[in-house]
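Accompanying notes for the structure given below.
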């Protein structure tokens, strides 16, 4: 792994360590769930799509590809603390140019 890749991976891991929430991912239709750490952005009532933010009541989740290799629309993330479940509402997109993480809208 090149130095730049090592530094990028370390920065991403640091973000998950600082702001990550323990969760599990279950693929669409059920099956075995996989433990993971997610970054969750839940919007408040003042959020507007034209600002590039999810509408009120929606959120996005980001998960490292090394933990969930292929998330899919219809899959669910369940937070370990509190048990809140979010369903993937969009096609997951790479969250970065190197494929370290996936980002998707959830409801």
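Side notes on the structure shown:
- Residue 85 paired with residue 2, simple spin-label distance in nm, labels 7 Å along Cα-to-beta-carbon: 4.3 nm
- Equivalent-ellipsoid semi-axes of the range 3-106, from the Cα gyration tensor, Å, largest first: 21, 18, 13
- Helical contribution to [θ] at 222 nm, DSSP H n ≥ 4, -39,500 (n - 2.57), averaged over the chain, rounded to 500: -5500 deg cm²/dmol
No value in this document is a laboratory result; all are computed from the given coordinates. Computed from a predicted structure; not experimentally measured. Cβ atoms come from the backbone with ideal geometry, glycine included; neighbour counts cover every protein chain shown.
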